[in-house]
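Where a number appears in this text, it was derived from the coordinates with a stated rule and is not lab data. Fair warning: this is a prediction, and the values are worked out from it, not measured in the lab. Every residue, glycine as well, gets a Cβ built from its backbone with ideal geometry; the counts of neighbours run over all protein chains shown.
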């Protein structure tokens, strides 16, 4: 298997072709890291389109979302997971459990740390947890390199390299697309020799209902106050494609935990909810391939993050 034998950072902007021997590789790579280090943005950039929602709010990702990168020499199935954190609610515990179960099944773990922050206690905590997954190869990815100068990037890379012996260490910028091809080459080179696992045209295996629900939640995250993100959940009642006109009807529920939060989301005279709906529709219409009628019903599910029954009904 053509895999790096020691940590390195490609210095010439390229890397050896892992498919040079004619062996096709395919497998699963999971990005992990503290909340809001750019895991979802990096996955979207590698896939070439949006398959995971992004937000400046921590803990935006709540499911293991798969994005598929098809290359002549291999197929990367990228698994975006919630940020690892010290949980304060039952939801937080279940999200951490989701991460743990995902990491136990992947071929490569990509540990993501942002270039605009020094390695801290949260990074060291996650790095220690990686020892629980000896099967997976470990790659360190310095994200957001476009936000700092070269000397800071070099300093951060040294900080990451001190955490452990990595199979590879790479800097990358999803926004500028710097080093993305190099990163894809390195990840494919670490995967097992395998036939293709998904069809050529596949970019994700996420059901339409889940993608629509996530776009709605992202629209809310863009608009509401900082104290609301963790209290939000979205479910889809129905998606109806009209036969008499080019229109898709979507009926969704937006759950919050308190009446005061419901008032915030709806806004005066329904103004905020209308804005949220307009933002969500702009994302959903390209996904369904036409005009969308979107109905969002805001509901209160008191303390749902701590209630096992309500968590189950909301899909957690």
The alpha-carbon center of region 247-299 and that of region 92-106 are separated, in whole Å, by 30
For helix 180-189, what angle does its Cα long axis make with the longest principal axis of the chain, in degrees from 0 to 90 and rounded to 10? 70
Against the longest alpha carbon principal axis of the chain, how many degrees, from 0 to 90 and to the nearest 10, is the axis of helix 271-288 turned? 50
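In percent, what relative contact order does region 25-189 have, based on Cα pairs under 8 Å that are 6 or more apart in sequence? Mind dumping the intermediate values first?
Numbers: 322 pairs, mean separation 40.8, N = 165.
The value is 25 percent.
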Between helix 208-223 and the chain, what is the angle of the helix's C-alpha long axis to the longest principal axis, kept within 0 to 90° and rounded to the nearest 10? 80
Within region 230-257, backbone nitrogen closer than 19 Å to the virtual label 7 Å beyond the Cα of residue 309 toward Cβ: 255-257
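Report the gain in length on full extension from residue 237 to residue 196: 0.36 nm times residue separation, minus Cα-Cα distance, nm rounded to one decimal. Write down the numbers at each step before the final one.
On the way: separation 41, 0.36 × 41 = 14.76 nm, distance 3.44 nm.
Additional length available on full extension: 11.3 nm.
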From Cα coordinates alone, what are the radius of gyration and Dmax values for region 126-190 in angstrom? 12.5, 35
Less than 13 Å from a label point 7 Å out along the Cα-to-Cβ axis of residue 162: which backbone N atoms in region 105-136 qualify, by residue? 118-121, 124
Taking the DSSP beta bridges in the chain as the whole, what percent of them are antiparallel, to the nearest 5? 35
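Express in nm, to one decimal, how much length is gained between residue 101 and residue 278 on full extension, taking 0.36 nm for each residue of separation and deducting their alpha carbon distance.
Values: separation 177, 0.36 × 177 = 63.72 nm, distance 3.63 nm.
Here the segment from residue 101 to residue 278 would lengthen by 60.1 nm.
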In the calculated pair distance distribution of region 208-313, what percentage of Cα-Cα distances lie above 19 Å? 42
One would report the antiparallel percent of DSSP beta bridges in region 208-313, rounded to the nearest 5, as 45
Cβ crowding within 10 Å averaged over residues, with 244-251, 193-200 ranked highest first: 244-251, 193-200
What residues of region 112-130 lie in the reach of a label at residue 155, counting those whose backbone N is under 19 Å from a point 7 Å from the Cα along Cα→Cβ? 113-124
Where the centre of each part is set by its Cα atoms, how far does region 188-246 sit from region 131-156, in angstrom? 27
Give me the percent of Cα-Cα pairs in the chain that sit more than 34 Å apart, rounded to a whole number. 27
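Can you bin region 25-189 into rounded, prolate or oblate? Criterion: square roots of the alpha carbon gyration tensor eigenvalues sorted a ≥ b ≥ c, rounded for a/c under 1.5, prolate for a/b above b/c, oblate for the rest.
Details: a/c = 1.26, a/b = 1.06, b/c = 1.19.
It is rounded, given that a/c, with a ≥ b ≥ c, falls under 1.5.
Okay, helix-only estimate at 222 nm for the chain: each DSSP H run of n ≥ 4 adds -39500 (n - 2.57), divide by all residues, round to 500 deg cm²/dmol; what do you get?
-10000 deg cm²/dmol
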Average Cα contact separation per residue, the chain, under 8 Å, 6 or more apart, as relative contact order %: 20
If I model a spin label as a point 7 Å beyond the Cα along the Cα-Cβ vector, how far apart are those points for residue 245 and residue 258 in nm? 4.1
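Given the Cα atoms of region 88-136, and with Rh set as the inverse mean 1/r over their pairs in the Kirkwood sense, what is Rg to Rh to two decimals? Walk me through the intermediate numbers first.
Details: Rg = 12.2 Å, Rh = 12.2 Å.
That ratio equals 1.00.
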